[in-house]
Each structure stands twice: as structure tokens, then as C-alpha cells.
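Below is one structure; the comments refer to it alone.
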Amino acid sequence: MTTTLATGAVTQRRPASRAGTAVTRPGFAWALPATVFFVLFAIVPLVLVAVLSFTRWNGLGSPEFAGLDNWSRLFDDPVMVKSLWLSLLLTLLGVAVQTPISILLGVWAAGNQRNRAVLSAIYFVPLLLSATAVSVLWRALLDPNFGIPAEAEWLFGDGNLFGTQTGAIGVLVLVGAWQFTPFHTLIYQGAARAVPQVLYQAAAIDGAGTVRQFFHITLPQLRNAIITSVILMVVGGLTTFDTVLILTQGGPGTDTTISAYYMYQKAFKGFDFGTGSAVALLLVLVAAVISLVVVRLSGYDRMRSTTEGL
Amino acid sequence: MRRHARISRALAAGSAAVVLGMTLTACGSGSGSSGDSGSGEIHVLVYGDATNKVEKQIVDTFNKTSKVKAVLDTIPGADYQQKLQTIINTKQAPDVFFNWGGGSIKPFVDAGLLMPLDDMIAKDPGLKANFLPSVFDTAVVDGKAYGVPMRGTQPVLLFSNTKVLADAGVAAPKTFDELLAAVQTLKAKGVTPIALGGGDQWPTLMWFEYLYDRVAGPELFHKALGGDKAAWASEDSRKALGMIKQLIDAGAFGTNFDSVKFTDGGSPALLARGKAAFELMGSWEYSTQQDANPDFTKASLGYSSFPTVAGGKGDPKNVVGNTNNFYSVLKKTKHPEAVAEFLKLQYSDEFVQGQMAIGNLPTTTNTPKFLSGAANPAYSTFQFDLVKAAPSFQLSWDQAYPPAAITPIHQAVQQFFNGQIDENGFVKAMQALPSS
């Protein structure tokens, strides 16, 4: 957020100052607060984490330089490798589950009947709850002896959802979708509202039904919204932490120990800040690379307008 | 976006710990810094919870007679360990602080921050003699005493629903074989024999702690903790693992224990509603049940010590659990004499009565005088006698080991219980633990 603001302000003002008409340089001054905060709270910590990842430090005294120790141990660590795959898997499942649902809901909520407005308002409630509250709630709902599984044995068997990898991942995906689908629905609702009505009118005249209109007009028009939403899901998915902390604690065993949670275990439970920092940095790198790839492959960086040629 | 913000915050938290260490001001109710010389104050840092009531009272009593004044600082529960670790090597460090003994203070001892209490004890033997030995020993590191017990003891006991047991015609098991037999009978009645909050992982660990102690005695674990990796591969170790496996395979814990938690009331509810017959839990099970199910607690909450194991090397009177909490002293305190005087209050009659009044069971030798005034005298007496008679009180494994071992221990325990690793896998996991 802060970067866009900063660079945006700078580029807008640049021609003016270049032309020599501006007495002062308001563009830079406006960007200064945001830049300072961004450097202070994003760049400096990132650099500190990078430095810490080459040290041994348990929080007592001063960090000791450890060379590449933390890193070499990390790459030999089966849990670390597994945690990266689990992070990717959870992210992919999240995208796969949430995208179709939120597109359909978003397009539906973009309609203009009164009941839709009320229903979609209710539907956005999960987004307002903290992930912690949501996790505690679901943990209680899924208790094998006193929750939903006890009432629906035909579906859940013995209800050992948190005792198997499939079950635990399933719960994490479900809870993530329950909480964050509303957010992505919001994106799609906005995008669907922006589709020019003239396209639908033309299609209707040509005899296209609702389904054809959806696939040939709405979906292509939502292209940029889809990319935005997927990038947010990827970044959010890779850094999921609170739901894992409360719902599964990385268990059973290490079956849901995703990288962000692994970082927490190393740094804040084991007081091994060096290794924790290395995990954190690795996660930042992986997330950055994946985001770049998505942006590149989707052509999002060229920002073609969906209303071109209209 | 919110999630994105959260990760940068987490990153910031990781690195900002450096900054925090330098800028963190005194916490909780107290103010000012103990580092300022001549201030005539000692800072006492404790875990913030309901027990603070007694600690405040003791500090007030101390300040009535002492020239050097004590200041009580509190850090709320969940953050205690992290914040302590952040400030202990800075100017804001307290003079005296709350801890769990064992592994929780080992890193501080290794960093040379703590004062051995041996000189204080030499001047006033009561600082050692007035506490139950099995408890006092928990805060002995490398042969030196580093702490004085300061709250209530929490041994692990075998709790039961006496109504369920009576309905099934089962008595509280005295031996492991009786426990196995009880499991069969209860299963036939359609009851889960033992409630287990496996989702929390530490309740599962309690079964290992007791069976290892009964089979091999406390020495095996002490050796392992000291770095002797062969101890985990020993015959006794495998025998204990075999017995745990026997219980699991007999269906003692049902099949969904990893989805049940103690902390959200899941496993206590199983016991209270008669869906399970036993639960192995710390002595706080009593207050937990009292709070959630008062009628059940009054009518049919049973408790007994852990069953004996035929041919086992461990004394059947041994107990495991959280021995107590401790006050440790920082080496750089400016007022060691005042601290010594303050520590003496931890075995005073006033302290014991205060703790008993809020349901804690202190581990001082004068405790029996006040047992009749406890909320439940029979239960308190049972606990006190158990701890007093115990030749060994093993601190929970995850607290005896340094913090880096907590996660691997919990993982290994959970994986062994649900069959993801076998005996060899468990032995290997324990051998890989960092032994301080």
C-alpha cells in the first residue's frame, strides 16, 4: 500500500518539477512520511532478519555470528522442506476452492435486487471476525464428541479430523475459505458491477442466454479482478499462521507444520532466533518469486484494460 | 491485505526483539529501574494471574519491616516466557523472578545470569530445609540450588469418574495389569476407557513420563537429559514404549484423541459426562472440573496415584508433573541480603495460608498445619502426602529440557501415539533432542 502511494505521488509530480515551474518539490515531501514508515517497518526489519539468519541467538545477550550454519542445517531439515510443500499445497487448495465460489457469489451479489443486498451483507460477516475467534469457533464445532461430527457419524466416522493429515488440511482449507471467500467476493462484486451494461444488452439482442453471457462477457471482463484476487490469496495462503496455531498446532506430528508456523516454533517456542529468521527469509523469497511469476504469466504487469476497444 | 500486514508484523517482531531489548521499560504495576543504584528497591517479577493476590500480600508484609522495598511487577500469562527472555539480560532485569525450574532457567544459568543460592542456604539452612526435598531439587542445576518454591505443587494424578467405574464394576487400578483389565471391561460397556486431550500434545506426554519412571526409575531420564543418548535406546526405554503401545492397541484412548483438547474443555467433559472413565492430568483437573461441572466434582470425581508396574525399577511412590514454581535471583542484584529475607517469607505461615485460601498447595514443611482449612481437605491432604512421600518428583519432560526441545518432544509423542513412528522412530527422535 505504502509503496504505491509513495511512487505514485513521486511520478505524478515529476514532470512539473522537471519543467521548472514548481518552486518547491511537494511531490517528494508528500511521499516522505510513507517512505519513512515503509523503510522503518518493512525494510529495516527485513534487513535485520537477514542479518539474524546468519547468527546464533537465543534472545539472551548478543547474537553470535554463525556463518551459513542455520542455512545449511535448514536445507538438510526434512521438516523445513515438508513445510514449504505444505504451504504451497494449502495455498493451491485455497485458490482452487475459493476462486470459483467467490466469482459466482460476487457476480450474484453484483445484482440489484434488495434481498441480495441484505443477504450479501450478512454473508460478509465472517470477514469481520478475527481469525483467532474463527479458529476457536471451528475447533469447538468440530469437536469429535460434542460437536458436529458426533451428530453426523455417517459423514465423519469417529470424527478424528485433527488426527489425520487429510482431515487437518481439509479443516484448514475449509476454515480459510469460510473466512476469506467474502473478501474475494467483494473484489468480484466490484469488478462485476463495472462491466458495461451495453455488452449484456448487445448479447441479449444476439440471443445469448445467462450462461453464455457469464462465460463470454462476465468472466473475460473479470480477468484483472481474478489476477488481483489470486495474488492476494497466494500471499495470504503462504503466510497463514493463526489458524494453524489454534486449530492444529502443526499436528498431527508435523503434518500441518507450514513454513510460517515453523518459523514461530523455531524462534518463539525454541528461542532459536537465527534459524527462525532463516525460515522467515526463505518464506519471503518464495512468496516474492511466486507473486512475480503469477504477475508475469498473467500479463498483469502490462495492465491491459478490459474496456479496450469499447 | 490483512494477512499480508500480519506477516510483516511477525517479521518485525522477530527482528524488533533486538530493539525491544533496549527500549522496553519496566512492566506491569511497578515502575523505575532496578539498575539504578542506591534506589533501595528490589524488583520481583511474576507471571500475571489470580495468584498475584498472595504475592502482593507477601510483598506488603515484607515492606513493613524492610528498609529495602520490594516492588512487584507482573507480566500477563501467555507472554511471560518471551518477555522474561527479552529483559533478563538488560538493565530492566528484575532482582527476583518467577520460573518453572529445570530447563526454564538452564539457559540463564549457562549465560551466567543467576546467583547460586548455596551461600544464602549456608547462612540460613531453613531456606532449603523448610521445603519438600523432591520439589526443591527441581531448581537445582549442575548441583547448585537456583530457586526457592513459591506457589503450589501440581503432581499428575489418575482421575476417574467413580460412577462410571461403579457401573462397570471396576475398581481404581493399582497395577498396570489392572488398568489393562479395566480397559477391556470399560470398552465392552461402550465407554472410552481413558479421556486424552491429544490435540494439546502435552497430556499425551504425561503417559510417557509416568511409564518411563515406573519401568526404569528416574535415572533413565536424568541420564538422557544429561546427554547420554544410549539411555533412550536401552531395554527399559523399549519396555516402557511397548507398554504404551499395548494401551493404545487395546483401545484405551479411543481413536479420536488427537482431535480432543484439554484446554478447550473437551477431555474434562468426556470424564464429567461419563463418556470416559479415567483421565491422567495435573492436579488442576480438580479446579477445572469444579469450575465447569461442580455437581460431578462433588459426587463422583475420583483420584488416585498412577498404577505400579510389576518388576519396574522405579519406586511406585514417585510422581511426575510440575513440581512447583520458583523464585530465582539475578547475580547482579544490589541487595542480596534483602532478597534472602524476602525468600524466607516463602515458607512463612502467612504465605501458606494465603496460597491455601486460593486453592494452591504449597510445598513447605509447615503446610500440614493448615490442610484442614483447605477448600477440599481430603484432596489437599492426599496430594500433599503423595508429594511428601515421593522419593522423586520428575518435572515434565518438556520443561526439564531446554526450550528448543519442546516442539520435537511433543511431535514425537504425538506421532508415536497415532502410529506415524514406531519405537525406533521415537528413540531416534529423542536422541536428536538438544541436550542443553
- Query: Of all DSSP beta bridges in the protein assembly as shown, what percent run antiparallel (nearest 5)?
  - Reply: 60
- Shielding score for A:232-243, defined as the mean number of other chain Cβ atoms within 10 Å: 3
- Expressed as a whole percentage, what fraction of the accessible surface of the stretch A:86-131 belongs to carbon and sulfur atoms when a 1.4 Å probe is rolled over the protein heavy atoms? 76
- Task: Can you give me the span-like helices of chain A, meaning DSSP H runs with 18 Å or more of Cα extent along the axis and Kyte-Doolittle mean at or above 0.0?
- Result: A:26-38, A:78-109, A:165-193, A:223-238, A:273-298
- Note: A vs B interface, total accessible area buried (1.4 Å probe; ligands, DNA, RNA excluded), nearest 100 Å², is 4100
- Query: Share of the stretch A:200-301's accessible area from carbon and sulfur, percent, 1.4 Å?
  - Reply: 68
- Item | Whole-percent carbon and sulfur share, accessible surface of the stretch B:370-436, 1.4 Å | 54
- Message: Please list, in order along the stretch B:398-405, the HN-Hα scalar couplings obtained from phi with the Karplus expression 6.51 cos²θ - 1.76 cosθ + 1.60 (θ = phi - 60°), rounded to whole Hz, x for Gly and Pro.
- Response: 5, 9, 6, 6, x, x, 4, 8
- In the stretch B:184-211, the residues losing 30 Å² or more of accessible area (1.4 Å probe, heavy atoms of protein chains only) relative to their chain alone are B:GLN201
- Task: Alpha carbons only, please: Rg and Dmax for the stretch A:163-244, in angstrom.
- Result: 17.3, 57
- Task: Could you give log10 I(q)/I(0) at q = 0.06, 0.08, 0.10, 0.11 Å⁻¹ for the protein assembly as shown, computed by the Debye formula over C-alpha point scatterers of equal weight, without solvent?
- Result: -0.45, -0.77, -1.11, -1.28
- Query: Hey, can you list the DSSP H helices of chain B whose Cα span along the axis is 24 Å or longer and whose average Kyte-Doolittle score is at least -0.5?
  - Reply: B:2-23
- Query: So, in nm, how far is label A:ALA50 from label B:ALA310 when the simple model puts each one 7 Å beyond its Cα toward the Cβ?
  - Reply: 6.7
- Message: Highest mean first, how do B:89-97, A:199-207, B:209-217 rank when packing is the count of other Cβ atoms within 10 Å averaged over residues?
- Response: B:209-217, B:89-97, A:199-207
- Query: Got a sec? Which residues of the stretch B:62-110 lose 50 Å² or more of accessible surface with every protein chain in place, vs. that chain alone, 1.4 Å probe?
  - Reply: B:GLN82, B:GLN85
- Give me the accessible area per residue for the protein assembly as shown, probe 1.4 Å, as a whole number in Å². 44
- Message: From the helices alone, meaning DSSP H stretches of at least four residues, give me the mean residue ellipticity at 222 nm for chain A, per-run term -39500 (n - 2.57), in deg cm²/dmol to the nearest 500.
- Response: -21000 deg cm²/dmol
- Task: For B:HIS43, enumerate residues with amide H under 5 Å from its amide H, sequence gap 5+ or separate chain, H modeled in the peptide plane.
- Result: B:VAL71, B:ASP95, B:VAL96
- Item | Inter-label distance for B:SER287 and B:ALA171, nm, one decimal - labels placed 7 Å from Cα along Cα-to-Cβ | 3.3
- Query: Say each of A:GLN165 and A:ASN115 gets a label point 7 Å from the Cα, pointing the same way as Cα to Cβ; how far apart are those two points in nm?
  - Reply: 4.6
- Task: Go through the stretch B:258-300 and flag every residue whose accessible area shrinks by 50 Å² or more with all protein chains in place compared to the isolated chain (probe 1.4 Å).
- Result: B:SER259, B:LYS261
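The values are calculated or read from the model by the stated rules, or taken from the named source; none is laboratory data. Not measured: the values here are computed from a predicted model. As a convention, Cβ positions derive from the backbone with ideal geometry for all residues, glycine included, and neighbour counts pool all protein chains shown. Accessible surface areas use protein heavy atoms only, side chains included; no ligands, DNA or RNA. Shrake-Rupley method; radii C 1.70, N 1.55, O 1.52, S 1.80 Å.
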